[in-house]
1. I'm a student and want to see the number: the projected area of the Cα convex hull of the range 50-167, averaged over all directions, in nm².
2. How do the peptides 140-150, 61-71, 22-32 rank, highest first, by the average count of neighbouring beta carbon atoms within 10 Å per residue?
């Protein structure tokens, strides 16, 4: 005989013989409910993700060695001009710290690598460079979040189109 799940629990609960069995069943249901709630909060943003914790603590990230070349292009900057303008005045000769983040959940490319400066998205590595960068991270046992130096530049200064280049 097939019994709906809710009815099955009801039958099991009603068939318990003594108060100790009833109390045990109530505790079991309470524990399962609590675990389900905690799992929901963890997976639905109720707690900060490990990635967010790492971004908030850049001193714990792997820092790529610098060469001073700033020859790695970042693409898509035209979509993030307001973020780039907000960091323009912070750029020094040594560059800014840029966070490189593997974006496995990117709806356009699950191998994307996002570039963030001051916790603001400023662009991405192009598709081929992102894949090569991920292979390099895997080879050198670097996690999915790392840091490098970056420079912003623009032909008309802060008022024109701004780009960003990485020292990788």
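1. The number I arrive at for the range 50-167 is 7.2 nm².
2. 140-150, 61-71, 22-32
Values in this text are rule-based calculations from the coordinates and carry no lab data. Not measured: the values here are computed from a predicted model. As a convention, Cβ positions derive from the backbone with ideal geometry for all residues, glycine included, and neighbour counts pool all protein chains shown.
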